[in-house]
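Colleague: Structure in structure tokens, see below.
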Amino acid sequence: MIDKIPSGRTTLTGASINPLPTGLPYATISLCPECSAKLEARVLEKDGKIVMEKTCPEHGFIKDVIFSDAELYHHIMAWNRDVGCGVSNPAVPDAKSCPDDCGMCNLHVSHTVLANIDLTNRCNLSCPICFANANVQDYIFEPSYEQVVDMLQTLRNSRPVAGRVVQFAGGEPTLHPDWFRILKKANEMGFSQVQCATNGLKFAEDEFSEKSHEAGLHTLYLQFDGVDPALDEKIRGRKGLFDIKMKAIENVRKAGMKIVYVPTIVGGVNDDQVPKIVQFALDTIDVCSGISFQPVAITGRIDNAEREKMRFTLADLASGVNKLGYTTKEDWFPLSCTTPITELIQALRNEPNVMVSCHPLCGLGTYFFVDQNRKPTPVTRFLDIKGLFDDIQKQAEKLKNKTTFKTLFNNLSKFNLFSSANKHFDESKAPEGLTLKKLGQTIEGLLDKRAGRGKNDGTYTYKTLMVAGMHFMDSYNYDVERVKRCVIHYSAPDGRLYPFCAYNSGLVFRNQIEKKYSVSKAEYRKNRTAEVV
């Protein structure tokens, strides 16, 4: 097996942290896509791409492209800062192997940034690319209200950072009979952001959006695979879905909530829609705060040629967005690059704060600042992000463990926290109306959603559009070191937290959890009057 050289760092419970590689090639642990056996894997550069190679003794050689542009890969990895340290109260305190001993264990390097709670595996669509694949199951997974509250409490009990952002998912979460009650409870428990991952069908109904907002819903992560209505039948198995979603968007707009469009991108199917989706988001910027592209995760046995055709990496995403002419390779950065801001906040407050310490290849994105004419300008054009974050990191290092600065922080205006932006900000290249003060207020709003929400008159922050991709793994490109650094977790009825890519791929803990806490469809029909699809 691969013998990693310890980094000298440990998780909060003492487990050694393997350092992330700084160059190519490098070795890691992956899985066989057919038998899920652990395999030694090698990541290397070939023909201008980054590929993973591994060999299963039983099923042979497997090769997969994990990043289709080597130049962009090196640009992204240059941002890498591996600073996570896990949780101090893992449910599995003595795990020996990842991902086998999962359930938020002592080996995990990151704490929860975004938590998912599946409210049901029922759905009013039959999408062949769904992680939950609800309609082909012979059971119903639908936690009771009391179980959902327990799962929310598991998140709030997480230490050293309590869960703050929850996303209700499924299936279709809006089908849960206690939907509005659950939203209200999540807000009462102190979650600063309450979201739902939805196909939008219920939100197209009269009053549903308004009632959801009144109950405490803030943001919809709306399934949105393109602007071509023909795609709805091909990808989601239903005609007329685009018109329904337009109605949902209008209802959400009237209710005063925000939407993040969530396209699942399949190579050769809807990858041509990437620039069109970005343009659609700009056209609906009054109700849209971002796009979260999700390259399809490929499961099951599949012909190599077909898999290569379907494979869509984050580099392909950047290339697709760049076709609009607003961005180039240099405008993209990993989501984990924001860790210096968190470290500075922690140093000033002398307390832990939410940190996006995922692997650089997990998420890639850029921020558009959008003027009144809906023209986008990437933040990198007027702000030296790398220079700013390097400066912030230096400040954080100086202030670490200096508790005397806690009082100083309380006396600082929120804007002064980002005063170092001054030397890295070029107002002459900024979009119209974006001053240094407005930039500071906008950064505040991005870091703390309650700040912008409390002054939601359209003047406190500048209009922004997050354009990002989250590349969730499958067994072909599985990397255990990425799993350990996952920041998107599922809270399950067993009282444990599971990384996204352990819950939905690889060993697929979702199947184990759902079967344990489910009832047959016949029993569900007997006990509840809710429609079963």
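The values are calculated or read from the model by the stated rules, or taken from the named source; none is laboratory data. Nothing here was measured: the structure is a model prediction, and the numbers come from that model. All Cβ positions, glycine included, derive from the backbone under ideal geometry; neighbour counts span all protein chains shown.
Colleague: Looking at SER336 and the list (1) touching a Cys at 6+ places or on another chain (Cβ under 7 Å); (2) surrounded by fewer than 21 Cβ atoms within 10 Å (Cβ to Cβ), which single condition is not satisfied?
Modeller: Looking at each condition in turn, SER336 falls short on (2).
Colleague: Okay, next question. Six or more apart or on different chains, Cβ under 9 Å: which pairs go from a residue in the range 234-255 that's surrounded by fewer than 14 Cβ atoms within 10 Å (Cβ to Cβ) to one that's modelled with pLDDT of 95 or more and not aliphatic (A, V, I, L, M)? Could you list them?
Modeller: Qualifying pairs under 9 Å: LYS254/SER209; LYS254/GLU210.
Colleague: Looking at the range 254-269, can you tell me whether even one residue there is over 20 Å from the mean Cα position of the chain (by Cα), under 24 Å from LEU114 (Cβ atoms) and part of a helix (DSSP H, G or I)? Working first, answer last.
Modeller: So in the range 254-269, the residues over 20 Å from the mean Cα position of the chain (by Cα) come out as 254-256, 267-269.
Those left that are additionally under 24 Å from LEU114 (Cβ atoms): 255-256.
When the remaining residues are screened for being part of a helix (DSSP H, G or I), the result is 255.
The answer is yes, given that some residue of the range 254-269 is over 20 Å from the mean Cα position of the chain (by Cα), under 24 Å from LEU114 (Cβ atoms) and part of a helix (DSSP H, G or I).
Colleague: Being under 22 Å from TYR503 (Cα atoms), in contact with a strand residue (DSSP E or B) (Cβ under 9 Å, 6 or more places away or on another chain) and at pLDDT 95 or above narrows it down to one residue among VAL65, VAL43, VAL87; which is it?
Modeller: Of VAL65, VAL43, VAL87, the one residue that is under 22 Å from TYR503 (Cα atoms), in contact with a strand residue (DSSP E or B) (Cβ under 9 Å, 6 or more places away or on another chain) and at pLDDT 95 or above is VAL87.
Colleague: Which one is farthest from VAL296 (Cα to Cα), of the residues in the range 312-329 that are part of a loop (DSSP other than H, G, I, E, B) and in contact with an Asp or Glu (Cβ under 9 Å, 6 or more places away or on another chain)?
Modeller: Initially, the range 312-329 is screened for residues part of a loop (DSSP other than H, G, I, E, B), giving 312-313, 323-328.
From the residues that got through so far, the ones that are in contact with an Asp or Glu (Cβ under 9 Å, 6 or more places away or on another chain) too are 312-313.
Working: PHE312: 7, THR313: 9 Å.
Across the range 312-329, the extreme among qualifying residues is THR313.
Colleague: Continuing with the same structure: Going through the range 62-80 one residue at a time, which ones are among the small types (Gly, Ala, Ser) and part of a strand (DSSP E or B)?
Modeller: Going residue by residue through the range 62-80, those that are among the small types (Gly, Ala, Ser) are 68, 70, 78.
The answer is none; no residue qualifies.
Colleague: Continuing with the same structure: What's the total number of residues in the range 293-311 that are in a loop (DSSP other than H, G, I, E, B) and not polar (S, T, N, Q)?
Modeller: As a first pass, look at the range 293-311 and keep what is in a loop (DSSP other than H, G, I, E, B): 296-303, 311.
Adding the requirement that they be not polar (S, T, N, Q) leaves 296-298, 300-303, 311.
Selection size over the range 293-311: 8.
Colleague: For the range 341-349, state whether one or more residues are outside any helix (DSSP H, G or I) and touching a residue at least 24 places away in the same chain (Cβ under 8 Å).
Modeller: No, every residue in the range 341-349 fails to be outside any helix (DSSP H, G or I) and touching a residue at least 24 places away in the same chain (Cβ under 8 Å).
Colleague: Return a yes/no flag: does the range 55-71 have any residue that is of a type in the set (Phe, Trp, Tyr) and more than 20 Å from VAL109 (Cα to Cα). Show your work before the answer.
Modeller: First, the residues of the range 55-71 that are of a type in the set (Phe, Trp, Tyr): 61, 67.
Pick out the ones that are also more than 20 Å from VAL109 (Cα to Cα) and you get 61, 67.
Yes, the range 55-71 contains at least one residue that is of a type in the set (Phe, Trp, Tyr) and more than 20 Å from VAL109 (Cα to Cα).
Colleague: Kindly check whether there is at least one residue in the range 7-20 that is modelled with pLDDT under 95 and farther than 27 Å from ALA91 by Cβ.
Modeller: Checked the range 7-20: no residue is modelled with pLDDT under 95 and farther than 27 Å from ALA91 by Cβ.
Colleague: Within the range 250-301, track down each residue that is in contact with a strand residue (DSSP E or B) (Cβ under 7 Å, 6 or more places away or on another chain) and more than 29 Å from GLY445 (Cβ to Cβ). Give the steps one after another, and end with the answer.
Modeller: Initially, the range 250-301 is screened for residues in contact with a strand residue (DSSP E or B) (Cβ under 7 Å, 6 or more places away or on another chain), giving 252, 257-265, 271, 274, 277-278, 281-282, 285, 287-296.
If the condition is that a residue be in contact with a strand residue (DSSP E or B) (Cβ under 7 Å, 6 or more places away or on another chain) and more than 29 Å from GLY445 (Cβ to Cβ), then ASP271, VAL296 are the ones that fit.
Listed here are the residues, each with its yes/no results for (1) at pLDDT 95 or above; (2) touching a Ser or Thr at 6+ places or on another chain (Cβ under 6 Å); (3) surrounded by 21 or more Cβ atoms within 10 Å (Cβ to Cβ); (4) of a type in the set (Phe, Trp, Tyr).
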{"residue": "LYS423", "(1), (2), (3), (4)": "no, no, no, no"}
{"residue": "THR435", "(1), (2), (3), (4)": "no, no, no, no"}
{"residue": "LYS438", "(1), (2), (3), (4)": "no, no, no, no"}
{"residue": "THR442", "(1), (2), (3), (4)": "no, yes, yes, no"}
{"residue": "ASP448", "(1), (2), (3), (4)": "no, no, no, no"}
{"residue": "LYS455", "(1), (2), (3), (4)": "no, no, no, no"}
{"residue": "GLY469", "(1), (2), (3), (4)": "yes, no, yes, no"}
{"residue": "ASP474", "(1), (2), (3), (4)": "yes, yes, yes, no"}
{"residue": "ASP479", "(1), (2), (3), (4)": "yes, yes, yes, no"}
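Yes or no, residue by residue, for (1) hydroxyl-bearing (Ser, Thr, Tyr); (2) in contact with a Lys or Arg (Cβ under 7 Å, 6 or more places away or on another chain):
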position: GLY216; (1), (2): no, yes
position: THR219; (1), (2): yes, yes
position: GLY226; (1), (2): no, yes
position: ASP232; (1), (2): no, yes
position: GLY237; (1), (2): no, no
position: ASP243; (1), (2): no, no
position: MET246; (1), (2): no, no
position: ILE259; (1), (2): no, no
position: THR264; (1), (2): yes, no
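Colleague: Just need a number here: residues in the range 488-508 that are closer than 30 Å to LYS276 by Cβ and either among the aromatic types (Phe, Trp, Tyr) or out of contact with any strand residue (DSSP E or B) (no Cβ under 7 Å at 6 or more places or on another chain) (or both).
Modeller: Taking the range 488-508 first, the residues closer than 30 Å to LYS276 by Cβ are 488, 500-501, 504-505.
In the following step, the residues that additionally are either among the aromatic types (Phe, Trp, Tyr) or out of contact with any strand residue (DSSP E or B) (no Cβ under 7 Å at 6 or more places or on another chain) (or both) were identified as 500-501, 504-505.
Here the count works out to 4.
Colleague: Considering only residues that are within 23 Å of the chain's Cα centre (by Cα) and either within 15 Å of ALA468 (Cβ to Cβ) or assigned to a helix (DSSP H, G or I) (or both), which ones fall in the range 370-384?
Modeller: The answer is PRO376, PRO378, VAL379, THR380.
Colleague: Give the residues of the range 183-220 that are at positive phi and surrounded by 18 or more Cβ atoms within 10 Å (Cβ to Cβ), sorted by residue number. Break it down into steps so the answer makes sense when it comes.
Modeller: So the first thing to find is which residues in the range 183-220 are at positive phi, and the list is 190, 200, 207, 216.
Of everything in the range 183-220, just one residue is at positive phi and surrounded by 18 or more Cβ atoms within 10 Å (Cβ to Cβ), namely GLY200.
Colleague: Now for a separate question. Inspect the range 356-364 for any residue being out of contact with any strand residue (DSSP E or B) (no Cβ under 7 Å at 6 or more places or on another chain) and surrounded by fewer than 22 Cβ atoms within 10 Å (Cβ to Cβ) and give the result as yes or no.
Modeller: Pass one, the range 356-364, residues out of contact with any strand residue (DSSP E or B) (no Cβ under 7 Å at 6 or more places or on another chain): 356-359.
Subset that is surrounded by fewer than 22 Cβ atoms within 10 Å (Cβ to Cβ): 356.
Yes.
Colleague: Is it true that GLU40 is surrounded by fewer than 14 Cβ atoms within 10 Å (Cβ to Cβ), within 25 Å of MET310 (Cα to Cα) and touching a Gly at 6+ places or on another chain (Cβ under 9 Å)? I'd like the intermediate steps shown before the answer.
Modeller: Details: surrounded by fewer than 14 Cβ atoms within 10 Å (Cβ to Cβ): yes; within 25 Å of MET310 (Cα to Cα): yes; touching a Gly at 6+ places or on another chain (Cβ under 9 Å): no.
Criteria not met by GLU40.
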